[in-house]
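Remarks on the structure that follows.
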Amino acid sequence: MRPKLNQHIKTKEFLSYYWLKKELQGFCHDHHIPRSGSKAELTERIHLFLQTGEIKRPVHKKTGAPNGKKLEELSLDTVITKHHRCSQSVRTFFKTIIPNFHFSTYIQNYFKQNGGKTYRDVVTAWYEEESRKKDPSYQREIGAQFEYNQFTRDFFADPTNKGKSRADAIAAWRAVKEQPGARTYKRKN
């Protein structure tokens, strides 16, 4: 049985279980910890709080285009910097080149992993990804924070689950998330 999320939970136990973002935010609210950010950021703040009692404030990221550039200053020769942001002005720029552009997990990771390359390289990467998507066996990358999505994909990929319903996958997910440890699908023998 999953323990109650409160200030008395052991850090190892806290990290062993699956928590909804709203549960993490509720804990943060109750203990005056900032509630903004991703599940990973909230988990990190709560973990630190449980270990040390310290309340970590989020680092406010600079908004806007990379290096403070305006939309008019962006070009295919704009270099991806270490602290690149996938902002609205960057999205607007890419939509002028690729009308159906959006920040997919693949493209966001491309920005993170390719500092020093240019927006021209991003356009090439976008079209390469679009080409890969046309292959029926291709599966898009699922971000680490989407454990449920990865679990259900793996559940339905298991040939022993052929013919099972979404309700079956949800029931299996609920059983796994209530247990300590990894929230990954494991084939039953």
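What relative contact order, as a whole-number percentage, does the chain give when Cα pairs under 8 Å and 6 or more residues apart are counted?
So the answer I get is 20 percent.
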Calculated [θ] (222 nm, deg cm²/dmol) that DSSP helices of n ≥ 4 give over the chain, each run adding -39,500 (n - 2.57): -14000 deg cm²/dmol
Area of residue 128 that stays accessible when all protein chains are in place (1.4 Å probe, Å², to 10): 90 Å²
Pair residue 148, residue 41: separation of 7 Å Cα→Cβ label points (nm): 2.1 nm
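How much length, in nm to one decimal, is gained on full extension between residue 187 and residue 79, taken as 0.36 nm per residue of separation minus their Cα-Cα distance?
Length difference between fully extended and current span is 34.4 nm.
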In the stretch 109-189, the chymotrypsin sites (Phe, Trp or Tyr not before Pro) that fall in loop regions by DSSP, at most 15 other Cβ within 10 Å: 138, 146
Residue with peak Gaussian network fluctuation, the chain [Cα springs, cutoff 10 Å], from 59, 176, 123: 59
Cα lying deepest toward the dipole's positive end in the stretch 120-189, options 146, 167, 125, charges on Cβ: 167
The stretch 4-62: translational diffusion in µm²/s, Stokes-Einstein, Kirkwood Rh over Cα pairs, 10 °C, 1.306 mPa s: 138 µm²/s
Gap separating the Cα centres of the stretch 148-169 and the stretch 171-189, nearest whole Å: 12 Å
R0 of 22 Å, Cβ-Cβ distance residue 55-residue 13: FRET efficiency to nearest 0.05: 0.60
Calculated SAXS-style log₁₀ I(q)/I(0) at q = 0.11, 0.15, 0.20 Å⁻¹ - the chain, Debye, Cα scatterers: -0.72, -1.06, -1.22
Among 58, 107, 137 - extreme Cα towards positive end, dipole of the chain, charges at beta-carbon: 58
The stretch 1-44 versus the stretch 90-126: alpha-carbon centroid distance in Å: 33 Å
Nearest-0.05 FRET efficiency for residue 6 and residue 72, computed from C-beta distance (R0 45 Å): 0.30
Alpha-carbon radius of gyration plus Dmax, which is the widest Cα pair, for the stretch 87-166 in Å: 15.9, 48
The chain: most fluctuating residue of 55, 97, 107 per GNM, C-alpha cutoff 10 Å: 97
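The values are calculated or read from the model by the stated rules, or taken from the named source; none is laboratory data. Keep in mind that what you see is a predicted model, and the values were worked out from it rather than measured. Note that each Cβ is placed from the backbone with ideal geometry, even for glycine, and that neighbours are counted across all protein chains shown. With ligands, DNA and RNA removed, areas are computed over all heavy atoms of the protein, side chains included. Shrake-Rupley method; radii C 1.70, N 1.55, O 1.52, S 1.80 Å.
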